[in-house]
Structure formats: structure tokens, C-alpha cells
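Participant: After the C-alpha cells below, expect a handful of questions from me.
The values are calculated or read from the model by the stated rules, or taken from the named source; none is laboratory data. What you see is a predicted model, and the numbers here were worked out from it, not measured in a lab. Positions of Cβ are backbone-derived with ideal geometry, glycine not excepted, and every protein chain shown enters the neighbour counts. What goes into the accessible areas is simple: the full protein's heavy atoms, side chains included, and nothing from ligands, DNA or RNA. Shrake-Rupley method; radii C 1.70, N 1.55, O 1.52, S 1.80 Å.
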Amino acid sequence: MALIVKKFGGSSVGSTEKIMAVAKRILDEKKPGDQIVMVVSAMGDTTDELIELAKGVKNPYQYTREMDMLLTTGEQVSIALLTMAFKSLGQKAISLTGPMVGMRTNSVHTKGKIIDIKPARVHKELDKGKIVVVAGFQGCDEKGDPVTLGRGGSDTSAVALAGALKADSCEIFTDVDGIYSADPRIVKGARRMKEITYNEMLEMARLGAGVMQPRSVEMGKYFNIP
């Protein structure tokens, strides 16, 4: 029996077919007694599309609170659809937004930082035998206003939630099969790493590796989450 947080990026949930495939994969891998928390990003290029939509208004980023109100809708679509997929396969599940899982942030809209997580609701739903599907990339400030965590923020959501839940591990799924010594699409002979330390991963992330947000690696090191 293990408590595992699994994070799926936008490319992994980019269509309803992919969402159904993710749900089936999770159920195929789930062992009896396992408690699973899913953290998902917005579908495909949804966040970029929402930003483009906002550009129809002059200088939309001067209205950062409203940008966050807009951008948080992307993940809510994903969590609702994935939860429906689980239910259609006979698995109890529930979708929760960042604020619903107790993800408290500062008030720096569009690039907020997590300051506290009180995941009591998550434990309660897990104890009912449900898979909990959480919207990544988002939380709320002390006023209850939505705050997003910057690009790649779903990674940070997942690792921070894993730390707060004292999870056994946090698994980050994406459309590549691992972490490479360099971008294999550009560098011939790039090696896939069998394992990597937090410090090595942090250095790579800060130097531009697109695989994980640096803040999420820092969070993993802080909580010592595999």
C-alpha cells in the first residue's frame, strides 16, 4: 500500500482519447490498497490559447488577477474530464481545484509561490477509496483570489502536494521517456539518465532543461520526495 502523487502534463491529456488512455493506465498499474492523487495540467496548448484570447484586450497582463481567473479554467477542464473517465471505468474519483486542496499562495498573480498546503480534504476523499484529481498550476491567496504559479507550475503543485501529504513518491509523466543529458532532438548521442540527484536536476533545470520547473525540484529536495 502506497500513497502516490502522479502528475500528467498537457500533452499527455491533450484529447479525450488521451485522457481515457491515462485513466486506463493508472487503473492497470494501481495495486490493491494504493492511494492515488493525480495532478494534471490544462489540455494540450490550452494555456497558450487562453493567453492569445486575452490578447484581444489591450495589455491584458495589466489585469493580472483577471488573467489568473482566466488561466485557471484550463486545468478545471482537464480534472473534470479525467474524473469522468475514471468514473466511466468504474473507479470512484473526485476532481478538486487548487484552492479546494488547501493550496495557499502569496498574492503575486501569474507567478505566485506556494506558502502553505492544508490537504485535509484530500486525505478525506482518499479514505473513501477515491482517486483524487487535482488541478495543477493554481492556488489561492488569503483573500480567496485565484493565483497561478507560472509556466511549469503544475510540477511544483504536484511535488508540494506530495510533500504535504507525506506521499511515498511523486511521479512526473510527460511525452518523453526520461531525463536526458541533453535535448535528444538536438544533440546526437544524448544519454538517458538512469537516476539523478536533486542538485543535478536543479542545475539542469536552471540551465534551461525543459523537463521540470526549477522550483518543483527545490520542493522535492526540501521534502525529500522520491
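Participant: When the accessible area of the chain is split by element with a 1.4 Å probe, what percent falls to carbon and sulfur? Provide the component values of the computation, followed by the final result.
Facilitator: On the way: 6280 of 11840 Å².
Exposed carbon and sulfur together represent 53 percent of the surface.
Participant: For a Förster distance of 30 Å, can you work out the FRET efficiency between the beta-carbons of A54 and N224, rounded to the nearest 0.05?
Facilitator: Values: r = 39 Å, r/R0 = 1.29.
The computed FRET efficiency comes out at 0.20.
Participant: Can I ask one more? Just for the chain, what percent of DSSP beta bridges are antiparallel, to the closest 5? Before the final figure, lay out the partial values.
Facilitator: Values: 7 of 27 bridges.
Of those bridges, close to 25 percent are antiparallel.
Participant: Further question: Cross-link list K113/K194; K130/K166; K31/K130; K113/K221: which exceed 20 angstrom alpha carbon to alpha carbon?
Facilitator: Working: K113/K194 31 Å; K130/K166 18 Å; K31/K130 14 Å; K113/K221 16 Å.
Result: K113/K194 exceed 20 Å.
Participant: Now for a different question. Quickly work out the A80-to-S181 label distance, labels modelled 7 Å from Cα along the C-beta direction, and quote it in nm with one decimal.
Facilitator: Going from the S181 label point to the A80 one covers 4.7 nm.
Participant: Based on Cβ point charges of +1 for Lys and Arg and -1 for Asp and Glu, what charge dipole magnitude is obtained for segment 47-166 about its Cα centre, in debye rounded to the nearest 20? If you can, show how the numbers build up before the last one.
Facilitator: Working: 16 positive and 13 negative charges, 78 e Å.
Here segment 47-166 has a charge dipole of around 380 debye.
Participant: What is the distance in Å between the Cα centres of segment 196-226 and segment 62-111?
Facilitator: Centre-to-centre (Cα) distance: 24 Å.
Participant: I would also like to ask the following. Cα gyration tensor of segment 73-136, axes a ≥ b ≥ c as square roots of the eigenvalues: rounded (a/c below 1.5), prolate (a/b > b/c) or oblate? Could you put the intermediate results ahead of the total?
Facilitator: Details: a/c = 4.80, a/b = 1.60, b/c = 2.99.
Oblate is the answer for segment 73-136, as a/c is 1.5 or above yet b/c matches or exceeds a/b.
Participant: Quick check: pseudo-label points 7 Å beyond the Cα along Cα→Cβ at K24 and K92, how many nm apart are they?
Facilitator: 2.5 nm
Participant: Tally the DSSP beta bridges in segment 78-155 and give the antiparallel ones as a percent, rounded to 5.
Facilitator: The antiparallel fraction comes to roughly 55 percent.
Participant: Let me ask something additional. Would you mind working out the magnitude of the charge dipole of the chain relative to its Cα centre, with +1 at each Lys and Arg C-beta and -1 at each Asp and Glu C-beta, to the nearest 20 Debye?
Facilitator: Charge dipole, the chain, about its Cα centre: 320 debye, nearest 20.
Participant: To the nearest 0.05, how large is the calculated FRET efficiency for K31 and R191 if R₀ is 30 Å and r is the Cβ-Cβ distance? Write out the running numbers ahead of the final one.
Facilitator: Working: r = 31 Å, r/R0 = 1.04.
Approximately 0.45, to the nearest 0.05.
Participant: Note down the magnitude of the dipole of segment 97-189 about its Cα centre, charges +1 on Lys and Arg C-beta and -1 on Asp and Glu C-beta and zero elsewhere, to the nearest 20 debye. Working shown, then result.
Facilitator: Working: 13 positive and 12 negative charges, 36 e Å.
That gives segment 97-189 a dipole magnitude of about 180 debye.
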